[in-house]
Amino acid sequence: MAVTLEEQKNARRKAMLLLEHMDRTEKGLSDRLRQAGFSAEAVEDAMNYVRSYGYLNDQRYAMNYISFRMGTKSRQKILQALAGKGIDRETALAAWEEAAEVEEPDELAVLRATVEKKCQPDTALDEKKMRRLQGFLLRRGFSYGDVSHVLDEMNITCERSYE
């Protein structure tokens with residue numbers, strides 16, 4: 001079924017409206033247009049339309065996303081989030097490298113800040129709390145070696161119970 005001129009105009013208008021409020025990935029925009037009920041042909045036409053004006057650029061989206069989050073999240077967590085938004089790994093890694101040239105990310109500083117939110121330096125935790133803290137940090141995308149190093153550095157120890 002051919003796309004009608006009216007549907008084409010409405011899909012383009014909707015795409016522009018969605019991009020007016022925030023930058024989006026190609027996958028994010030096409031998903032939103034499909035959810036709005038537009039046909040695949042109308043969605044593709046609208047995507048080509050906004051691409052032709054440079055309004056849709058996954059590389060730029062990834063760069064902005066990384067630069068705003070590299071001071072608060074681990075590299076791995078950022079790359080996972082970008083993958084979830086439909087950015088392919090090569091584009092995400094290229095954007096990471098480009099962002100790292102502008103501002104050198106200090107992942108250990110991010111890890112220290114994350115640990116400080118959970119507990120004070122020079123603290124002795126019981127085994128259960130230590131496992132919880134380590135699991136939390138590992139799920140945030142920090143490596144086990146970095147977690148161990150920072151916990152040692154901050155003198156956060158595990159007090160063992162010998163019952």
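The numbers here are math on the coordinates, done by the rules we state, and not lab data. Here the structure is a predicted model, which is why all the values come from computation and not from measurement. Note: ideal-geometry Cβ built from the backbone for every residue, glycine included; neighbour counts use all protein chains shown.
Which one, T25, Q8, A113, projects farthest toward the positive side of the charge dipole computed for the stretch 1-139 from Cβ point charges (K/R +1, D/E -1)?
Working it through, the farthest residue towards the positive pole turns out to be A113.
Measuring from the lowest to the highest alpha carbon on each principal axis, how far does the chain reach, largest first, in angstroms?
Projected onto the principal axes, the Cα atoms of the chain cover 75, 37, 24 Å.
Taking other Cβ within 10 Å of each residue's Cβ, how do R34, R75 sort, fewest first? Write down the numbers at each step before the final one.
Working: R34 13, R75 19.
The most exposed by this proxy come first: R34, R75.
Please sort by residue number the GluC sites (Glu not before Pro) in the stretch 85-147 whose DSSP state is loop and whose Cβ has at most 15 other Cβ atoms within 10 Å.
E103
In the Gaussian network model of the chain, springs joining C-alpha atoms below 10 Å, which of S52, S39, S74 carries the largest mean-square fluctuation?
Maximum among the listed residues: S52.
How large is the charge dipole for the chain, taken about the Cα centre, if only the Cβ atoms of Lys, Arg (+1) and Asp, Glu (-1) carry charge, to the nearest 20 debye? Write out the running numbers ahead of the final one.
Numbers: 26 positive and 28 negative charges, 144 e Å.
Value, rounded to 20: 700 debye.
Quick one: of K27/K118; K77/K117; K14/K77; K85/K129, which pairs are farther than 29 Å apart, Cα to Cα?
Working: K27/K118 35 Å; K77/K117 18 Å; K14/K77 31 Å; K85/K129 33 Å.
Flagged as over cut-off: K27/K118; K14/K77; K85/K129.
Out of the trypsin sites (Lys or Arg not before Pro) in the stretch 86-163, which ones are loop residues according to DSSP with at most 11 other C-beta atoms within 10 Å? If you can, show how the numbers build up before the last one.
Working: sites: R89, R112, K117, K118, K128, K129, R131, R132, R139, R140, R160; in loops: R140, R160.
The qualifying sites are R160.
Restricting to Cα pairs below 8 Å that are 6+ residues apart, what does the relative contact order work out to for the stretch 29-91? Please round to a whole percent. Could you put the intermediate results ahead of the total?
On the way: 22 pairs, mean separation 14.9, N = 63.
RCO, the stretch 29-91: 24 percent.
Could you give the nm distance between label points at T157 and A94, where each point is 7 Å from its Cα heading toward the beta carbon?
5.1 nm
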